Amino acid sequence: MGTTAQVCEMVGDGSDCSLDLCARVCLIDKDENLILHSYVQPQIPVNDYRYEVTSITEEHLRDVMPLKEVHETLQQILHNRESIGRIRWDDGNVRLLVGHDLERDLDCLRMNYLDHLLRYFSYPKRI
């Protein structure tokens, strides 16, 4: 069984810029090898690039992969080219997905993943 860590960077839209849009996705394996790093073309115009947090500018999002293509690429990587309905826990064609806010990331990517294959982590609070 493989393990993959995922992180997404979000930009904002909406009247108060509170709508999260995935603008960058990165996957690494358990040995910290880069599997995927891609900017994502948001499906609607971006009002706030949140540059102070994301370091993403309008230029980064020009001529990049559309969300649907990123989604398909992630499915291929995470499912080892198996459909989600055919994945078996014991046959090695499965990856644990590790991340900080996976529910939000997967929602913004319009993806579903098997709950028992998700592992969440959080940063410890400093005292």
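Below is a table of values for the structure above.
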{"quantity": "With every protein chain in place, segment 32-74: carbon and sulfur % of accessible area (1.4 Å)", "calculated": "47"}
{"quantity": "Protection proxy ranking, peptides 55-63, 12-20, 71-79, average beta carbon neighbours within 10 Å, highest first", "calculated": "71-79, 12-20, 55-63"}
{"quantity": "Computed label-point distance, nm, for sites R119 and D29 using a 7 Å Cα→Cβ extension", "calculated": "1.6"}
{"quantity": "Candidate residues M10, M65: accessible-area rank, largest first, probe 1.4 Å", "calculated": "M65, M10"}
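The values are calculated or read from the model by the stated rules, or taken from the named source; none is laboratory data. Please read these numbers as outputs of a predicted model, since none were measured by experiment. With ideal geometry, Cβ positions are generated from the backbone for all residues, glycine too; neighbour counts draw on all protein chains shown. What goes into the accessible areas is simple: the full protein's heavy atoms, side chains included, and nothing from ligands, DNA or RNA. Shrake-Rupley method; radii C 1.70, N 1.55, O 1.52, S 1.80 Å.
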